[in-house]
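Participant: For reference, the structure I am asking about is given below.
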Amino acid sequence: MGSAQATSALPSSAIVSINPATGEPLGEVPDMPAAEVRAAVAKARAAQQAWAAQPVEVRCRRVLRFAEVLMARAEEVIDLLVREGGKTRLEALGMEIVLVADLVRYFTKHAPEMLAPTPVPLHLMKHRASYLKYVPRGVVGVIAPWNFPFSIPIGETIMALIAGNAVVLKPSEVTPLIAIKAREIFIAADLPPDLFQIVTGRGGTGAALIDAGIDFCVFTGSVATGKKVAAACGERLIPCTLELGGKAPVVVCHDADLDRAAQAITWGGFANSGQVCASVERVYAVASIHDELVSRVTHLAKELRQGDPAQEVDIGAMAWDQQVSHVEKLVADAVAHGATLETGGHRNGQFFEPTVLSGCRQDMDVMRKEIFGPVIPIMKVESEDEAVRLANDSHLGLLAYVFTRDRERGRRIAERIEAGTVMVNDVLNTYACPETPWGGVKQSGIGRTHSITGLRDMCETRHINHDRVSLAREVWWYPYKDGTFRALLRGARLLFGKRPWQR
Ligand code: NDP
């Protein structure tokens, strides 16, 4: 089978997709064995050659059509995102659909320039010239999580396709139907069907994809699985990009605009039910504004409406039942160790109340482990220096945030924080800026997606070096002569030694 179809006539190992808000089964997909994964990669590889042969401008024109069909069918995709992912309609529109449509628009406009050969000026060997050529890698394997089941894998897919690759996508077993819907749109946009394959299944299907002869792997998921993926790619010498977990700190300075900071922290901690790798995961508030900040965030949290995400609510359900149990445990542990539950803290099926904890300490699990749920732990600190030290005291470094009215101070603090991206006076948003690089330091990952770097990473960078003038031979070729040695030494001293006029 080249691509998965939602069907009910499947073996017992079939995966049933469930609406997390209602428990209603939505459809089934197969848990594909390795042979089917290999067949999908082979089909994609065959389709890739004709695709790569087209000029990048033609590929961009064709991919642009994907955004047009997506926007025409937006309600249908939003409906499935809400039902399968538990997210609100506004989140499905803003964080999934619009984000992808904009990414398509941006890269189809700029890719021809970004992927054009780049000259490399040679500083010494002026008689020669170099340039870099970006050649599609072949088949890109995309392995995706469940929190943004559309924007993450489809954003990667679009970039890979524009660069001239084929894609085989392994969606999370929690949200497979939305990947199948994305392929329907791809086909409706008149793109070559074999160029984009979906392989459904559990972790084993992801492992089989890495073993199926792909040329590049883009993995987004947890640190634990990321390490397995890196090892599997290393074994096969397949280059990979790893977009892993986050534990975003927020440093709230004494001079912060507390109104804006409280709103940003509330949205940054609870959007998508906190299931965002860039979510606000720990807040360090300096003593002078701490109590006021806790009170404002708590007040805002209490006002949020949680419920069936198909209705007009602010917070929907969490996508995966095991994640809810993890969040529940972290909150209980924090309270048992002395944190104060300002609001929330309870589970109702697959809904977890928006929760604010104060009195947190750095040694609590809730401040150290990724929560990936709607919980905002707040800790009082004596100074901004202490906040920066604690922000950096983590094995993760994806996103970080600073709030201050003094922009210069904000940038100074931002530059001291160990993270892939630090935002001053805002949260989350840069994933929606396709021109900026996205990725982490430390165990938050390797490599970058989005931006010119992410697009070029979808290619092999090949270096061409050629002559500009015709010489019979290079001076350092055979035969080696003493005269050449003396001339080269004189020349090298002139170039690299202390200059006579500097004596
Ligand atoms: P997982 O690591 O559990 O799963 C990610 C994907 O890997 C899934 O498709 C999963 O399949 C698959 N997989 C599981 N085992 C293997 C294996 N051995 N080889 C290959 N693939 C495998 O992550 P989650 O889905 O739980 O996603 C949440 C995590 O993702 C969080 O830590 C979050 O921070 C991170 N994330 C990072 C982002 C970033 O940009 N840095 C963005 C979004 C999320 P299956 O689901 O079927 O098990």
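Participant: So PHE351 passes all but one of these: (1) away from the ligand (no atom under 16 Å from the Cβ); (2) farther than 13 Å from THR88 by Cα. Which condition number does it fail?
Facilitator: (2)
Participant: Right, here's the next one. For LEU237, only one of the following conditions fails: (1) buried (at least 19 other Cβ atoms within 10 Å of the Cβ); (2) under 22 Å from PRO136 (Cβ atoms). What is its number?
Facilitator: (1)
Participant: In the stretch 183-230, what count of residues is obtained for those that are more than 11 Å from the ligand (Cβ to nearest atom), of a type in the set (D, E, K, R) and in contact (Cβ under 8 Å) with a residue 40 or more places away in the chain?
Facilitator: 4
Participant: Let me ask another. Can you tell me which residue in the stretch 418-435 is farthest from ARG282 (Cα to Cα), limited to those that are assigned to a loop (DSSP other than H, G, I, E, B) and under 13 Å from the mean Cα position of the chain (by Cα)?
Facilitator: Of everything passing the filter in the stretch 418-435, PRO434 is farthest from ARG282 (Cα to Cα).
Participant: Contact list please: Cβ distance under 7 Å, first residue in the stretch 231-249 and under 11 Å from ALA278 (Cβ atoms) and touching a residue at least 40 places away in the same chain (Cβ under 8 Å), second residue assigned to a loop (DSSP other than H, G, I, E, B) and more than 10 Å from the ligand (Cβ to nearest atom), pairs at least six apart or on different chains.
Facilitator: Filtered contacts from the stretch 231-249: LYS247/SER394.
Participant: Would you mind telling me which numbered condition in (1) more than 16 Å from the ligand (Cβ to nearest atom); (2) more than 25 Å from SER151 (Cα to Cα); (3) of a type in the set (Gly, Ala, Ser) ALA310 fails?
Facilitator: ALA310 satisfies all of (1) more than 16 Å from the ligand (Cβ to nearest atom); (2) more than 25 Å from SER151 (Cα to Cα); (3) of a type in the set (Gly, Ala, Ser) except (2).
Participant: For residues in the stretch 474-488 being of a type in the set (Phe, Trp, Tyr) and modelled with pLDDT of 95 or more, which is surrounded by the fewest Cβ atoms within 10 Å (Cβ to Cβ)?
Facilitator: TYR478
Participant: Looking only at the stretch 204-224, filter to residues that are buried (at least 23 other Cβ atoms within 10 Å of the Cβ) and of a type in the set (S, T, N, Q); which one of those is farthest from the chain's Cα centre (by Cα)?
Facilitator: Among them, the one singled out is THR205.
Participant: Hey, another quick one. Which ones in the stretch 71-130 are out of contact with any Leu (no Cβ under 9 Å at 6 or more places or on another chain), more than 30 Å from GLY274 (Cα to Cα) and part of a loop (DSSP other than H, G, I, E, B)?
Facilitator: Hits for the stretch 71-130 are ALA116, PRO121, LEU122, HIS123, MET125, LYS126.
Participant: Looking only at residues in the stretch 271-301 that are touching a Pro at 6+ places or on another chain (Cβ under 6 Å) and within 16 Å of the ligand (Cβ to nearest atom), which one is farthest from ILE376 (Cα to Cα)?
Facilitator: Per the stated criteria, the residue is SER273.
Participant: Among the residues of the stretch 29-46, is there at least one that is within 30 Å of GLY307 (Cβ to Cβ) and in contact (Cβ under 8 Å) with a residue 12 or more places away in the chain?
Facilitator: Within the stretch 29-46, one or more residues are within 30 Å of GLY307 (Cβ to Cβ) and in contact (Cβ under 8 Å) with a residue 12 or more places away in the chain.
Participant: Among strands (runs of 3 or more DSSP E) lying entirely in the stretch 331-412, which contain 1 or more residues that are modelled with pLDDT of 95 or more and surrounded by fewer than 19 Cβ atoms within 10 Å (Cβ to Cβ)?
Facilitator: Because the criterion is at least 1 residues that are modelled with pLDDT of 95 or more and surrounded by fewer than 19 Cβ atoms within 10 Å (Cβ to Cβ), the strands (runs of 3 or more DSSP E) in the stretch 331-412 that meet it are 340-343.
Participant: Scan the stretch 231-242 for residues that are part of a helix (DSSP H, G or I), of a type in the set (A, V, I, L, M) and more than 7 Å from the ligand (Cβ to nearest atom) and report the count.
Facilitator: Counting residues in the stretch 231-242 that are part of a helix (DSSP H, G or I), of a type in the set (A, V, I, L, M) and more than 7 Å from the ligand (Cβ to nearest atom) gives 1.
Participant: List the residue pairs whose Cβ atoms are under 7 Å apart, where the first residue sits in the stretch 139-166 and is within 22 Å of ALA212 (Cα to Cα), the second is within 14 Å of the ligand (Cβ to nearest atom) and of a type in the set (Asp, Glu), and the two are 6 or more positions apart or on different chains.
Facilitator: Final answer for the pair search is VAL142/GLU156.
Participant: Out of the residues in the stretch 131-149 meeting the condition of being closer than 29 Å to ALA53 by Cα and part of a loop (DSSP other than H, G, I, E, B), tell me which one is nearest to the ligand (Cβ to nearest atom). Spell out how you get there, then give the answer.
Facilitator: Applying the first criterion (closer than 29 Å to ALA53 by Cα) to the stretch 131-149 yields 131-144.
Add one more test, that the residue is part of a loop (DSSP other than H, G, I, E, B), and what stays is 137-138, 144.
Details: ARG137: 18, GLY138: 19, ALA144: 5 Å.
Of everything passing the filter in the stretch 131-149, ALA144 is nearest to the ligand (Cβ to nearest atom).
Participant: Any residue at all in the stretch 436-454 that's in a helix (DSSP H, G or I), hydroxyl-bearing (Ser, Thr, Tyr) and either within 16 Å of the ligand (Cβ to nearest atom) or touching a helix residue (DSSP H, G or I) at 6+ places or on another chain (Cβ under 9 Å) (or both)?
Facilitator: yes
Participant: It is to be established whether one or more residues within the stretch 254-268 are within 13 Å of the ligand (Cβ to nearest atom), over 16 Å from the mean Cα position of the chain (by Cα) and in contact (Cβ under 8 Å) with a residue 12 or more places away in the chain. I'd like the intermediate steps shown before the answer.
Facilitator: Filtering the stretch 254-268 down to residues within 13 Å of the ligand (Cβ to nearest atom) leaves none.
No, because not a single residue in the stretch 254-268 is within 13 Å of the ligand (Cβ to nearest atom), over 16 Å from the mean Cα position of the chain (by Cα) and in contact (Cβ under 8 Å) with a residue 12 or more places away in the chain.
The values are calculated or read from the model by the stated rules, or taken from the named source; none is laboratory data. Every value quoted in this text rests on a predicted model; they were computed, and no experiment measured them. Virtual Cβ from ideal backbone geometry, glycine too; neighbours counted across all protein chains shown.
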